[in-house]
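Some notes on the structure that comes next.
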Amino acid sequence: MKFENIQKLKDLINTSNNIAIIPHTNPDGDALGSCLALKGMFNKLNKNSFVISPNKAPDFYNWIPYFKEIKYFEDKPNAVSYTHLTLPTILLV
């Protein structure tokens, strides 16, 4: 990645307050771990972040920090409100 792109990403994160993080369908440990680690990092930067999973993640990953905060679109579309999808200034997929 070029330095200019890294700087642009840093500037985008610094100027954004809301960040949605979306893993792939049928999220595995890699997807959940990376999404929830990003959520933790953004929380430490005082950003409003949330993870929206297309479908339910296996419960045996419930030991991962922030696991219980995941919003599931497939099982409960109403749990993911219109606000969750339009509020973010950054959408990470």
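The values are calculated or read from the model by the stated rules, or taken from the named source; none is laboratory data. Every value quoted in this text rests on a predicted model; they were computed, and no experiment measured them. Every residue, glycine as well, gets a Cβ built from its backbone with ideal geometry; the counts of neighbours run over all protein chains shown. We work out accessible area using only protein heavy atoms, side chains counted, and drop any ligands, DNA or RNA first. Shrake-Rupley method; radii C 1.70, N 1.55, O 1.52, S 1.80 Å.
Here are the numbers for the structure shown:
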read-out	value
Residue 25 being closer than 18 Å to residue 89 by Cα and open to solvent by 20 Å² or more (accessible area, probe 1.4 Å)	no
Selected residue [modelled with pLDDT under 90 and exposed (fewer than 11 other Cβ atoms within 10 Å of the Cβ)] from 80, 93	93
Looking only at the range 1-22, and only at residues there that are in contact with a strand residue (DSSP E or B) (Cβ under 7 Å, 6 or more places away or on another chain) and of a type outside the set (Val, Ile, Thr), the one that is surrounded by the most Cβ atoms within 10 Å (Cβ to Cβ)	20
Residue check for residue 52: touching a Ser or Thr at 6+ places or on another chain (Cβ under 9 Å), open to solvent by less than 20 Å² (accessible area, probe 1.4 Å), at pLDDT below 95 and not in a helix (DSSP H, G or I)	no
Candidates 19, 6 - the one that is in a helix (DSSP H, G or I) and within 18 Å of residue 91 (Cα to Cα)	6
Lone qualifier among 47, 71, 39 - being at pLDDT 95 or above and touching a strand residue (DSSP E or B) at 6+ places or on another chain (Cβ under 8 Å)	39
